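Below: the structure, in structure tokens.
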Amino acid sequence: MSDNRINTARLIPAAVFGGLVAVGLIGGGALIGQGVVNARAGDRSVTVRGLAEKDVKADLAVLPIRFTASGDVLSEVQSRIDSDLAIVRQFLKAQGYPDDAVDLGQLGVADTRSREYMSQTAGPRFILTQTVIVRTTDVDRVQTTTRNLNDLVRQGVVLQDFNGPSYIFTQLNDVRPAMIAEATAAARSGAEQFAKDSGAPLGPIKTAGQGSFEILSRDGTGDEASSPNKKVRVVTTISYRLK
């Protein structure tokens with residue numbers, strides 16, 4: 001994991017309705033401050049926001065492998081599904097997964113003749129689907145397995161609706177305190193610059209609030225769940241009194 005920390009800040013003040021409105025941009029995108037000075041008599045304050053971001057890697061992966069077989073004789077289709085299941089289990093064993101990392105999902109059975117809106121002669125009558133779910137903390141292994149799924153296809157296993165694995169970051173509580181501290185420090189840095197530019201010493205905290213934590217794909221593109229590399233983000237909003 002990398003820890004994006006930015007220690008510099010810039011402040012761009014402008015006069016708005018007799019008060020001061022300013023935006024502090026802390027370089028590199030890791031910490032951003034934004035604030036507004038309230039210049040009313042007896043209530044001089046500055047409100048700032050501090051944003052902290054941290055690159056992390058998923059520590060849990062879930063890989064569903066769904067496969068299907070079809071035909072007009074149910075017992076034959078069931079036999080093919082059982083055979084494919086044995087192939088999938090052997091494949092996963094060769095990939096290095098222990099038995100307790102592999103779960104068997106529910107078997108799905110569809111009889112196309114039982115659907116009134118379907119033609120009585122179009123396609124096979126029975127369609128069976130089976131799902132095997134891999135759940136592991138070995139994220140790198142899952143990435144390798146995903147690239148090797150063609151081995152199953154070459155053995156005749158018909159994969160269905162494969163959307164790839166889901167990668168999950170479960171250690172948010174471990175990074176939460178440090179990130180709140182970073183965001184709070186960014187907010188105070190912005191407030192100190194506001195106070196300096198307005199010629200008023202910075203006073204104590206008036207109010208403080210923490211926004212929700214977000215987990216995004218690291219590059220900001222695609223589905224977060226499909227990427228093992230992620231970005232955690234949090235924003236704090238703090239109001240300081242001006243003396």
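Here are some notes:
- Dividing the mean sequence gap of close Cα pairs (under 8 Å, 6+ apart) by how many residues the stretch 142-243 holds gives a relative contact order of 31 percent.
- For the stretch 115-214, the Cα gyration tensor yields ellipsoid semi-axes of 57, 20, 12 Å (square root of five times each eigenvalue, largest first, whole Å).
- Per residue value of the accessible surface for the stretch 160-243 (all protein chains in place, 1.4 Å probe), Å²: 52 Å²
- Extension gain for R113 to K196 (0.36 nm times residue separation, less C-alpha to C-alpha distance): 22.0 nm.
- Of the solvent-accessible surface of the stretch 129-182, computed with a 1.4 Å probe and all protein chains present, 45% belongs to carbon and sulfur.
- For the stretch 181-243: rounded, prolate or oblate by the Cα gyration tensor [a/c cutoff 1.5]: prolate
The values are calculated or read from the model by the stated rules, or taken from the named source; none is laboratory data. Fair warning: this is a prediction, and the values are worked out from it, not measured in the lab. Note: accessible area is taken over every heavy atom of the protein model, side chains too, but ligands, DNA and RNA are not part of it. Shrake-Rupley method; radii C 1.70, N 1.55, O 1.52, S 1.80 Å.
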